[in-house]
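> Below is one structure. I have some questions about it.
The values are calculated or read from the model by the stated rules, or taken from the named source; none is laboratory data. Keep in mind the model is a prediction, meaning the values are calculated, not measured. Glycine gets a Cβ as well: all are built from the backbone with ideal geometry, and neighbour counts include every protein chain shown.
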Amino acid sequence: MSVQVIHTGFYTTIQDSGRTGYRHWGVPVSGPMDCESFALANALLDNFEKAAVLECTISGPTLLFNAPTRVAVAGGLIEIRLNGVEVEMCKAIDCDLGTILEFGKITKGVRSYIAFEGGLATPKTLGSRSQYFPVTEYKKLQKGMVLPLRPHTTALPKIMQVPSTNWIGTTETLNVLKGPDWGRISEQHQTQLLSEKFSIGSNDRMGYQLKGALSKNNYGLPSSFVLPGTVQLTPEGTLLVAMADGQVTGGYPRVFMLSGNEVSKLAQLRTGKTIRFEGCD
């Protein structure tokens, strides 16, 4: 059982729940940017919760099925055509031998997740199928790739009602916790961080840059651990949010920490979107 990649889309990668236990070697966790949508896509097919899927950014791939299986799609709103006929997200899609499944642009949000019944069975590297170059041979899907599928074994109870995805691409605030270095920055910066609005700048699987009206600083700190969801304050006054493929250490003040749910919200926001921070208990 396998699926062949006819067209890759803008930036499509294979992701499972990520690789753990190798950060001391400088290897990031990787895994899905939006953990909630990743989990939903697998749950729609009663898959094992960590099963490998395709994560699409901005637009999706075109796939040719070499065997009958089922597919489910969750996350950002994306155009889907089954042999030229439009089909819905968040429902199991039956694919036969020779089926062509086309994914177009993501019109709401940034990332969509394509799950396959049983999950992808691509080779594991350091215990994970998640693509991250140079740990894996390729950093993203390649045209012509043949993706093997695992036999399906029911591991999750069937979803009776699909949870709301109205939050995707619409988030205006992110709930945060104080980071390890919160007490090392000035009261002025603390106040600014919780009162200013920030615009999303350049972003990718490594991290998001947030720009606001923060004043410059000269905080000098030794390099320390950085986890996905860590928000660092740079000397120029911009914020860097470490994401799934982010670096494992950093030398800027770690002012906030985002939970997995908040990281998922951020991962669905496009460049130019404005957000604020709340919480900080």
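> Within segment 206-230, how many residues are over 19 Å from Gly31 (Cα atoms) and not in a loop (DSSP other than H, G, I, E, B)? Show your work before the answer.
Just the residues of segment 206-230 that are over 19 Å from Gly31 (Cα atoms), to begin with: 209-224.
Remaining after also requiring not in a loop (DSSP other than H, G, I, E, B): 209-211, 224.
So the answer is 4.
Conditions (1) at pLDDT 95 or above; (2) among the β-branched types (Val, Ile, Thr); (3) closer than 16 Å to Leu101 by Cβ, marked per residue:
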position	(1), (2), (3)
Ser112	yes, no, yes
Ala115	yes, no, yes
Thr122	yes, yes, no
Ser128	yes, no, no
Gln131	yes, no, no
Val135	no, yes, no
Gln142	yes, no, no
Val146	yes, yes, yes
Arg150	no, no, no
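> May I ask you to verify whether Met1 is in contact (Cβ under 8 Å) with a residue 60 or more places away in the chain and more than 28 Å from Thr249 (Cα to Cα)?
yes
> So, one more: What are the residues in segment 237-251 that are outside any strand (DSSP E or B) and not β-branched (Val, Ile, Thr), if any?
Gly237, Met243, Ala244, Asp245, Gly246, Gln247, Gly251
> Out of the residues in segment 85-122 meeting the condition of being assigned to a strand (DSSP E or B) and of a type in the set (Gly, Ala, Ser), tell me which one is surrounded by the most Cβ atoms within 10 Å (Cβ to Cβ).
Ranking the qualifying residues of segment 85-122, first place goes to Ser112.
> Something else now. Can you tell me how many residues in segment 252-279 are farther than 25 Å from Gly183 by Cα and assigned to a strand (DSSP E or B)?
1
> While we're looking at this one, here's another question. Filtering segment 7-26 down to residues that are surrounded by 19 or more Cβ atoms within 10 Å (Cβ to Cβ) and out of contact with any strand residue (DSSP E or B) (no Cβ under 7 Å at 6 or more places or on another chain), which residue is nearest to Leu258 (Cα to Cα)?
Looking at the filtered set, the residue picked out is Ser17.
> Within segment 177-205, restricting attention to residues that are more than 21 Å from Leu227 (Cα to Cα) and in a loop (DSSP other than H, G, I, E, B), which residue is farthest from the chain's Cα centre (by Cα)?
Of everything passing the filter in segment 177-205, Ser186 is farthest from the chain's Cα centre (by Cα).
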